[in-house]
Amino acid sequence: MTEFAIPRFRSAICIVIAAALCAAAPLRAQSASPTPPSSSPLFREVTDEAGRTVRIPQPVRRIVSLAPSLTETVYALGLQDRLVGDTDYCDYPPDAKTKTKVGGAINPSLEQIAALRPDLVLMTKSLNRLETVYSLDNLGISSYATDPHTVDEIISSSKKLADVLGAPEAGNLLAADIQHRLADLYHRIAALPPKRVLFAVWTEPLISVGKDTFIADAMRRAGAVSIVDSSQDWPQVNLEEVAHLQPDYLVFASSHSESVAPQLDALARLPGWRIIDAVRDRRYAVISDAVNRPAPRIVEAIEDLAKQLHPEAFAEKPEAGKEKPGKEIPQAQHQSFLHLPLDIHSSSPDAATRGGCVCAR
């Protein structure tokens, strides 16, 4: 620290004058106001969605994401330039694949994370391990966890994250856009009876989603209700029970389209599946794997599912005085399952460690 010395007066006259001035007026040290604190604090304390009080460096310029859903959210907020690292399974948008990889969500490389010098590491309570939080704390690296369980919570969680990252306006705009799209969807399908569906996370064994998951909530927003009434997040389902309940549609999520026809044909040949009417009649709804991640892009999967289950709600109505077109419903609405993406057996090592769930959160 630089030290400031008091100048030496070389004559007694100067000393006397200085003393007189000091006696005639209050001392500067006594009258001066304290130096105001910096308008930009070094840290900010927030409470994350796991209930932890977290000290976050300000501003947040370097981010590492340990969940695909959080990587997507950072991009949706337009903050991807701050993202310096993510996991091996962060694959959307495509640019996320170019970021430095720190391993999987379950066992990320702490050495790689530390080498990236992040201001903040983003995590999810449901996917990442508490041991990772402790290890980051020991390294002096701040982490912030999210934990949304419904579509509304995905929206509010995205807004909170935007505020934590110093971009509240981006969060407000993103939330408003999603809410507008959901409101429009509700207006179209609210009066229609919901379709009874089975969402197949896995086929061998058959794994579906519980009623309290964000995926089940997303299906309700799309005008569907799951035939699986379970409090478990990822329940194993008996095929005989499915055959007894006979869903209107089977719903799959996928990001690939190369093996659609062979996989569906194979599904129809599997023991037990042939007695399900939806399999025999090829009543499938195949939507984006965005539905598997609690991120803003889930609204696209909700809209897609609603269009497949309730095409009549999206039929273009002819304007008054104009001839009615030959096809009221756009051809895309009637797209064959043979041309839709499907990957009913896809998985990842991280998913396998969590009981076979392929939902890469």
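The values are calculated or read from the model by the stated rules, or taken from the named source; none is laboratory data. Not measured: the values here are computed from a predicted model. Here the Cβ positions follow ideal geometry from the backbone for every residue, glycine too, while neighbour counts run over all protein chains shown. Calculation scope for accessible area: heavy atoms of the full protein, side chains included, ligands and nucleic acids excluded. Shrake-Rupley method; radii C 1.70, N 1.55, O 1.52, S 1.80 Å.
General observations
- Just one residue in the set 225, 209 is crowded, with 20+ Cβ neighbours inside 10 Å, touching a residue at least 24 places away in the same chain (Cβ under 8 Å) and assigned by TED's automatic domain parsing to the domain that holds residue 292; that residue is 209.
- The stretch 82-187 holds helices (runs of 4 or more DSSP H) entirely within its bounds, and those carrying 3 or more residues that are open to solvent by 30 Å² or more (accessible area, probe 1.4 Å) and closer than 22 Å to residue 302 by Cβ map to 151-164.
- Every pair of residues 6+ apart whose Cβ atoms lie under 9 Å, when the first sits in the stretch 77-100 and is in the same structural domain as residue 128 (by TED's automatic domain parsing) while the second is loosely packed, with under 13 Cβ neighbours inside 10 Å and part of a loop (DSSP other than H, G, I, E, B): 84/117
- For the stretch 234-247, the condition holds for at least one residue, the condition being that it is without any contact (Cβ under 8 Å) to a residue 12 or more places away in the chain and either surrounded by 18 or more Cβ atoms within 10 Å (Cβ to Cβ) or closer than 16 Å to residue 197 by Cα (or both).
- Looking across the stretch 193-225 at every residue that is at pLDDT 95 or above and of a type in the set (Phe, Trp, Tyr), the one that is nearest to residue 295 (Cα to Cα) is identified as 214.
- Sole exception among (1) part of a loop (DSSP other than H, G, I, E, B); (2) open to solvent by less than 50 Å² (accessible area, probe 1.4 Å); (3) of a type in the set (D, E, K, R) for residue 61, by number: (2)
- Residue among 290, 216 that alone is surrounded by 17 or more Cβ atoms within 10 Å (Cβ to Cβ) and touching a residue at least 24 places away in the same chain (Cβ under 8 Å): 290
- When residues in the stretch 134-162 are screened for being in contact (Cβ under 8 Å) with a residue 12 or more places away in the chain and over 29 Å from residue 211 (Cα atoms), 6 of them pass.
- Selection status of residue 119, farther than 27 Å from residue 177 by Cα, in contact (Cβ under 8 Å) with a residue 12 or more places away in the chain and among the acidic types (Asp, Glu): yes
- Of the residues making up the stretch 197-251, those that are in a helix (DSSP H, G or I), of a type in the set (Asp, Glu) and under 14 Å from residue 149 (Cβ atoms) number 1.
- Taken over the stretch 71-85, the residue count meeting the criterion of being aliphatic (A, V, I, L, M) and farther than 11 Å from residue 96 by Cα is 3.
- Residue within the stretch 181-190 that is among the hydrophobic types (A, V, I, L, M, F, W, C), at pLDDT 95 or above and within 28 Å of residue 83 (Cβ to Cβ) present: yes
- Conditions (1) modelled with pLDDT under 85; (2) open to solvent by 30 Å² or more (accessible area, probe 1.4 Å); (3) more than 29 Å from residue 186 (Cα to Cα): number failed by residue 275: (1)
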